[in-house]
Amino acid sequence: MLTALLCVGAVLLDWRFGEPRRWHPLAGFGWLAQRVEALAYGPPALNADLRRARGVGAVIALLVPFAVAAWLLGAIPLLGSAVALGLLYLAIGARSLAEHAEAVAVALQAGDLPLARERVGRIVSRDADDLDEEQISRATVESVLENGCDAIFGALVWFVLGGAAGAVAYRLANTLDAMWGYRTPRYQDFGWAAARLDDGLNWIPARLTALSYLAGGTKPALAWRCWREQAPGWKSSNAGSVMAAGAGALGLALGGPARYHGEWQSRPSLGEGLAPRAEDIGRAVALVRRAVWLWLAVIGLGGLILA
């Protein structure tokens, strides 16, 4: 029951205060990861196997100390619960996700495409400098759906399974994947461990997130069909499951070609229905919020049953 109460408390703290505006620990971790990368990456002529081994070592060096520290602090009598609550709060980014997405919608509704491009560029990795309204809306909705898992539900799953250490390890692994998990010449090998670890940690959360989108959407049958038929064709089955189910639940057509780092990628279609517009960004945010309350209800019920 304590775990359920801490989950509710952390979500409420995030809803009330959002992410720290200054000195967020994840920003500090990102700085540290850059320093470790500079030391561990190695010379340009390094072969693929050694580069990959260095990437594995970098991930271990960055994650293990913080996870162990979280476990030790969480085990302290009385103080441990407060530490766990604070760490889970810092691992959740529901309010920040909604604020960034809604800022894009506001710019689109005002007809300010340059501002909308700038704002969507803060939350997606694709090139945003020449996107039109439909493409900006699609990118934002996809980001909301996918990051619902990364920034909220994954942390909750691993907190339930592994306490504060689980939530910390998950969120830091997710951060490393966001920094290194690209199939580019620089990170193809060095980022392999970060990407594979994030894939493994997200396998269960992604499918639970997809299930909650199905339950919270207006088109559950379509969400199920899109999830079942479209997710296997996406480059990541985790992201494919989350976005296909979310797109179907919203009755929107997502996916399709997009440009990353100057190169076009041919992506499969996701969902079914109309192309997204500015107003659909708010619908995606509302779907994630409904899923959050559903998760808290299920976690709370589980806590009562096991109490």
Requested in this report: With the condition kept exactly as written, say whether any residue in region 176-195 is closer than 30 Å to residue 76 by Cα and either β-branched (Val, Ile, Thr) or free of Cβ contacts under 8 Å to residues at least 12 places away in the same chain (or both).
Outcome: no
Requested in this report: Quick one: which helices (runs of 4 or more DSSP H) lie wholly within region 1-118 and hold at least 3 residues that are of a type in the set (D, E, K, R), touching a residue at least 40 places away in the same chain (Cβ under 8 Å) and in contact with a helix residue (DSSP H, G or I) (Cβ under 9 Å, 6 or more places away or on another chain)?
Outcome: 48-74
Query - Pick from region 114-149, criterion among the hydroxyl-bearing types (Ser, Thr, Tyr) and within 19 Å of residue 202 (Cβ to Cβ), ranking: surrounded by the fewest Cβ atoms within 10 Å (Cβ to Cβ) - result: 125
Query raised in the report: So is residue 99 at pLDDT 95 or above, touching a strand residue (DSSP E or B) at 6+ places or on another chain (Cβ under 7 Å) and not basic (Lys, Arg) or not?
Result: no
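So that you can scan it fast, the table gives a plain yes or no per residue for (1) more than 22 Å from residue 203 (Cα to Cα); (2) in a helix (DSSP H, G or I); (3) modelled with pLDDT of 95 or more:
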{"residue": "224", "(1), (2), (3)": "no, yes, yes"}
{"residue": "228", "(1), (2), (3)": "no, yes, yes"}
{"residue": "241", "(1), (2), (3)": "no, yes, yes"}
{"residue": "247", "(1), (2), (3)": "no, yes, yes"}
{"residue": "254", "(1), (2), (3)": "no, no, yes"}
{"residue": "280", "(1), (2), (3)": "yes, yes, yes"}
{"residue": "286", "(1), (2), (3)": "yes, yes, yes"}
{"residue": "293", "(1), (2), (3)": "no, yes, no"}
{"residue": "301", "(1), (2), (3)": "yes, yes, no"}
Requested in this report: Consider residue 90 carefully, then state whether it is in contact with a His (Cβ under 8 Å, 6 or more places away or on another chain) and either farther than 30 Å from residue 189 by Cβ or of a type in the set (Lys, Arg) (or both).
Outcome: yes
Report task. Please find, within region 174-214, the residue that is nearest to the chain's Cα centre (by Cα) out of those that are of a type in the set (Val, Ile, Thr) and crowded, with 18+ Cβ neighbours inside 10 Å. Result -> 175
Query raised in the report: Between residues in region 132-161 that are on the phi > 0 side of the Ramachandran plot and residues that are modelled with pLDDT under 95, which pairs lie under 7 Å by C-beta distance while being six or more apart or on different chains?
Result: none
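The values are calculated or read from the model by the stated rules, or taken from the named source; none is laboratory data. All values reported here derive from a predicted model rather than from experimental measurement. Positions of Cβ are generated from backbone atoms using ideal geometry, with glycine treated the same way; all protein chains shown enter the neighbour counts.
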